[in-house]
Amino acid sequence: MSSDPLAMAPTTFHAPLRAQLEAFLDDHRSQLNGCLDGLSEEEARRSLVPSRTTLLGLVKHAAFVEKVWFDEAVTGRSRSEIGIASTPDESFVLQPADTIDSVRRAHAEACQASREAVAHLGLDDVVTGNRRGPLPLRWVLLHVLRELAQHGGHADILREQILAGRPEPA
């Protein structure tokens, strides 16, 4: 699932910082969404660790992260108003209606809404709706980048385990 770190280099080496941050965010968003490529619904839901972490749950959680940091933090709307889980742990819980397609679609829509929510803000603009208090957009972008990278690593390991457990083709 990991991509070549130099693939983005030609377009980002000399770009303004905001463009670099957005390119790296989009790359990690795409990689995380792509962890579900070619999996069955059962494989995407397979639990391989004691926590609630599954590949489908990671992508669902990533949509939650987008809404926390780019809706709640920017608009000040509560999580119940936004329609998301009240805690990060709950955001991993899969419902029977959650499918690879529905979770991927929700994630893609959340990412697009995130881009739109902060398009008018500068890196030093402060968002005030997060539970931590006022934060500059720069910090929010870096925090989300760190979180997506961390979850992308989790997804790499889980996907490797799932694919290694597939039966050999006949």
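The values are calculated or read from the model by the stated rules, or taken from the named source; none is laboratory data. Bear in mind that the values here come from a model prediction, so they are computed numbers and not experimental data. Here the Cβ positions follow ideal geometry from the backbone for every residue, glycine too, while neighbour counts run over all protein chains shown. Side chains included, ligands, DNA and RNA excluded: accessible areas come from the protein's heavy atoms. Shrake-Rupley method; radii C 1.70, N 1.55, O 1.52, S 1.80 Å.
For Val65, the conditions (1) at pLDDT 95 or above; (2) surrounded by fewer than 18 Cβ atoms within 10 Å (Cβ to Cβ); (3) β-branched (Val, Ile, Thr) all hold with the exception of (2). Among the residues of the range 102-121, the ones that are touching a strand residue (DSSP E or B) at 6+ places or on another chain (Cβ under 9 Å) and either at pLDDT below 95 or open to solvent by 20 Å² or more (accessible area, probe 1.4 Å) (or both) come to 1 in all.
Go through Thr99, Thr53 for me and flag whichever is open to solvent by less than 70 Å² (accessible area, probe 1.4 Å), modelled with pLDDT of 95 or more, of a type in the set (S, T, N, Q) and within 16 Å of the chain's Cα centre (by Cα).
Values: Thr99 fails: within 16 Å of the chain's Cα centre (by Cα).
So the residue among Thr99, Thr53 that is open to solvent by less than 70 Å² (accessible area, probe 1.4 Å), modelled with pLDDT of 95 or more, of a type in the set (S, T, N, Q) and within 16 Å of the chain's Cα centre (by Cα) is Thr53.
Yes or no: Val74 surrounded by 21 or more Cβ atoms within 10 Å (Cβ to Cβ), among the hydrophobic types (A, V, I, L, M, F, W, C), assigned to a helix (DSSP H, G or I) and in contact (Cβ under 8 Å) with a residue 40 or more places away in the chain? For Val74, the condition - surrounded by 21 or more Cβ atoms within 10 Å (Cβ to Cβ), among the hydrophobic types (A, V, I, L, M, F, W, C), assigned to a helix (DSSP H, G or I) and in contact (Cβ under 8 Å) with a residue 40 or more places away in the chain - is not met. When Ser80 is tested against (1) more than 15 Å from the chain's Cα centre (by Cα); (2) hydroxyl-bearing (Ser, Thr, Tyr); (3) surrounded by 22 or more Cβ atoms within 10 Å (Cβ to Cβ), just one condition goes unmet, and that condition is (3). Among the numbered conditions (1) farther than 22 Å from Glu160 by Cα; (2) open to solvent by less than 40 Å² (accessible area, probe 1.4 Å), the only one that Glu22 does not meet is (2). The residue that is nearest to the chain's Cα centre (by Cα), among those in the range 102-119 that are of a type outside the set (Lys, Arg) and closer than 21 Å to Glu41 by Cα, is His107.
Taking Pro96, is it of a type outside the set (Val, Ile, Thr) and free of Cβ contacts under 8 Å to residues at least 24 places away in the same chain? Here the answer is yes, as Pro96 does meet what is asked.
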